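The structure appears right after this line, and notes come after that.
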Amino acid sequence: MATTPPREPSIIIIGAGVAGIAAAVTFKKAGFEDFVILEKGSDVGGVWFWNRYPGLTCDVPSQLYQFGFAPKPDWSRVWATGPEIQRYHAKVVDEFGLRAHLRLDSEVTDAVFEDDRWQVTVADGTRLSADFVIAATGVLHHPFTPDLPGLDSFEGTVVHTARWDDALVTAGRRVAVIGSGSTGVQVVSALQPEAARLLQFTRTPQWVLWAPMGLRRSALVAKALAASPALHDRVYAAALWASGILADVALRPTWRRRAVQELARWSLRVQVRDKALRESLTPGYQPLCKRQVLSGSYYRAIQADNAGLVTDAITEITPAGIRTADGREHAVDVIVFATGFHPHNYMRPMNLRGRDGLTIDQAWAKGPRAYRMSAIPGFPNLFTVLGPNSPTGSISLQYSAELTARYITRWLRRFAAGEFDTVEVTEEATTRFTDAVTEAMGPTVWNTGCNSWYFTEQNTIDLWPFDRATMTALLTEPDDNDFLITTTAAGAADPKERECRSTR
């Protein structure tokens with residue numbers, strides 16, 4: 001009996017952030033070389049490329065915020081800064097030979113599944129064809145700016161933290177920061193010391209857990225980890241294990257959750273002595289319900305003589321400043337929007353169409369969803385890395401991305417062996433997974449009564465409600481019963497005819 005000759009799957013990876021880099025390195029290590037990475041930015045790093053605002057710091061310890069395949073023993077701080085993380089990503093891309101596969105300034109506008117292949121169009125008109133598309137677009141990349149009356153009339157400078165202007169001067173100027181999440185807290189802390197006046201406008205205060213975010217990493221620790229890769233691996237494994245405590249805190253109402261919540265309350269009580277200000281800074285929801293904010297300097301900054309907290313709603317932007325509901329006009333020179341992102345867009349707004357012309361908006365009419373974070377019904381040969389439900393809140397994003405990429409690699413090997421031409425997750429399997437997520441979300445801290453960016457417009461929580469062991473079990477071996485697996489006449493074509501093709 002004739003056998004199908006081995007064939008090299010052609011792959012398009014959309015995005016060169018954490019997810020895209022993890023996928024590309026995993027595929028390359030598995031022997032798959034026919035892939036291209038399309039990145040809309042002018043450099044790699046995803047959120048760490050787009051975000052360059054003052055004070056930018058990762059709220060995950062640097063020892064854990066790294067790829068398992070690319071150890072970095074010499075982080076300069078316990079919590080790394082944004083620029084250092086972006087440099088790390090660029091170094092990984094170079095070390096693993098990904099530059100040859102990378103196309104920067106290449107925003108995908110269209111991805112359409114036709115004749116058992118994906119046809120992908122880039123903004124400059126370039127067209128690519130491939131067997132598989134890997135959507136590694138991430139979560140936080142479409143900045144959200146509130147529609148405030150009069151914004152266009154403002155005569156000063158307006159900037160969003162996700163599109164920071166490196167030439168912007170804030171020293172000696174009157175600065176307004178709108179937003180109170182992690183970004184707002186970091187930028188307030190960074191700008192306050194040199195600003196003539198800094199006002200933070202916030203609708204809802206955040207719990208801020210004290211942490212020495214500027215703590216330097218010991219040079220002796222770095223030398224020891226660099227000298228012994230085995231020691232580094234053990235420390236990394238220990239950090240992954242320790243993150244399980246965070247899962248326990250987030251997923252179940254245990255004594256650990258209560259302890260961390262009390263620490264957040266203590267942080268506010270001890271650091272803010274003024275009763276009126278403390279009341280204004282006290283949220284009306286449980287600590288940890290929103291993404292926890294860490295800072296060792298925010299409460300000091302907001303209590304400084306040149307700083308102020310404004311809790312009245314903004315009614316309009318005037319040419320000279322910001323007017324609030326109490327009728328006051330606050331004169332400012334610079335408005336900084338620390339208002340976050342559209343977190344549930346994922347691949348959108350690209351024109352993404354799967355089988356029979358199904359659009360991603362149609363598929364997600366009831367909210368973003370993907371089978372085990374990795375596959376969408378109606379979209380054959382398309383997989384997501386850090387897709388819906390992947391903002392974990394308690395599990396390393398790098399671990400999640402690498403695990404998902406290895407799972408996808410299993411499908412790539414089967415395609416290469418000629419076992420199938422298209423693979424598509426079933427609606428039934430996706431519904432079962434979504435129902436399990438909904439049920440598991442019940443006792444989580446994210447479901448205790450706050451309004452956070454974790455919620456979709458359909459009022460579902462877009463997070464991973466299971467522990468790391470469950471994630472690993474679900475994304476180790478594909479279950480054929482959950483997929484439509486087909487072989488077509490095109491599968492017998494000469495492998496050379498299936499290479500990733502580019503036309504203009």
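None of the figures in this text is laboratory data; all of them are computed from the coordinates on show. From a predicted model like this one, the values you see are computed outputs, not experimental measurements. A quick note on method: Cβ atoms are made from the backbone with ideal geometry, for glycine too, and the neighbour counts reach across all protein chains shown.
Quick notes on this structure:
- The order of 234, 353, going from fewest to most other C-beta atoms within 10 Å of their C-beta, is 234, 353.
- Rg over Rh [alpha-carbon atoms, Kirkwood Rh] for the range 344-397: 0.97
- Whole-Å distance, taken between Cα centres, linking the range 39-67 and the range 397-464: 23 Å
- Volume per residue for the range 271-410 equals 196 cubic angstrom (convex hull of Cα atoms).
- Using the Cβ-Cβ distance between residue 316 and residue 440 with R0 set to 56 Å, the FRET efficiency from 1/(1 + (r/R0)^6) comes to roughly 0.85.
- Per-residue Cβ neighbour rank within 10 angstrom, fewest leading, 332, 36: 36, 332
- Span-rule helices in the chain, defined as complete DSSP H runs reaching 27 Å or more along the axis (Cα) with Kyte mean at least -0.5: 229-251, 397-416
- In the range 102-260, taking the dipole from charged Cβ atoms about the Cα centre, the farthest positive-side position among 159, 175, 123 is held by 175.
- Summed side-chain charge close to residue 30 - residues other than residue 30 whose Cβ falls under 11 Å, Lys, Arg +1, Asp, Glu -1: +4
- Intensity falloff of the chain expressed as log10 I(q)/I(0), Debye formula with alpha-carbon point scatterers, at q = 0.08, 0.09, 0.13 Å⁻¹: -0.53, -0.67, -1.32
- Remark: 395, 21 ranked as 395, 21, counting other beta-carbon atoms within 10 Å and listing the fewest first.
- Charge tally around residue 381: other residues with Cβ under 9 Å, Lys/Arg +1 each, Asp/Glu -1 each, net -3.
- Directionally averaged projected area (the range 361-464, Cα convex hull): 7.0 nm².
- Over the chain: helical MRE at 222 nm, DSSP H runs n ≥ 4 each giving -39500 (n - 2.57), nearest 500: -9000 deg cm²/dmol
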